[in-house]
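The values are calculated or read from the model by the stated rules, or taken from the named source; none is laboratory data. The model shown is predicted, which means the values in this text are computed figures rather than measured ones. Ideal geometry is used to build each Cβ from the backbone, glycine not excepted, and the neighbour counts take in all protein chains shown. We work out accessible area using only protein heavy atoms, side chains counted, and drop any ligands, DNA or RNA first. Shrake-Rupley method; radii C 1.70, N 1.55, O 1.52, S 1.80 Å.
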Amino acid sequence: MRLTDYIRMQKIWQDDEIIELKVVCSSEVITASAKIYVSDSIIDDLIYQIKQFLNGNAIESFWANEELGDNSTACVSLHFLHKDKVGHLLVEVYMELDDGGKLSTHNCCFYINTEVGLLTEFCERLPRLKKESIDATVVLNGDVIE
């Protein structure tokens, strides 16, 4: 696993039902960021999808905050896959980039390398995004300083 591989989710705004997250994903070849909207139930679904994958109830697992395409806000999706049989994993990240272009054409897709233990820690920390205040941050693959 390369030290450049990470996913960082930071709460930047919240009202009674919606949470705005800044998601930064980085691999050896790209770093991309997007602001997305989630609810507690969408975060709960991410936790559920990761647990299904880690517990062996699913060979691979998929999560997205939104529908893909131009008819919604920016979408980030995470596809969890096994890289090998010794605990190395891949997270295929798809991000729509809200940079003024159409979301259907301004997007990127790439892999993040991780391991079972690191994904488990990330999953355990995800409830912070629901419970803690603005600037609560959860990082896959350790602490990231920018």
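Tabulated data for the structure shown
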read-out: Boolean, Ser39 is closer than 20 Å to Gly142 by Cα, at pLDDT 95 or above and of a type in the set (Ser, Thr, Tyr); value: no
read-out: Test: Glu67 is of a type in the set (Asp, Glu) and over 13 Å from the mean Cα position of the chain (by Cα); value: yes
read-out: Test: residue in the range 95-109 that is within 14 Å of the chain's Cα centre (by Cα), open to solvent by 30 Å² or more (accessible area, probe 1.4 Å) and not hydrophobic (A, V, I, L, M, F, W, C); value: no
read-out: Those strands (runs of 3 or more DSSP E) lying entirely in the range 1-55 with at least 1 residues open to solvent by 30 Å² or more (accessible area, probe 1.4 Å) and β-branched (Val, Ile, Thr); value: 6-14, 31-38
read-out: Positions within the range 56-92 being of a type in the set (Val, Ile, Thr), closer than 19 Å to Glu20 by Cβ and crowded, with 17+ Cβ neighbours inside 10 Å, in sequence order; value: Val76
read-out: Residues that are modelled with pLDDT of 95 or more and open to solvent by 70 Å² or more (accessible area, probe 1.4 Å), drawn from the range 116-146; value: Glu121, Glu124, Arg125, Arg128
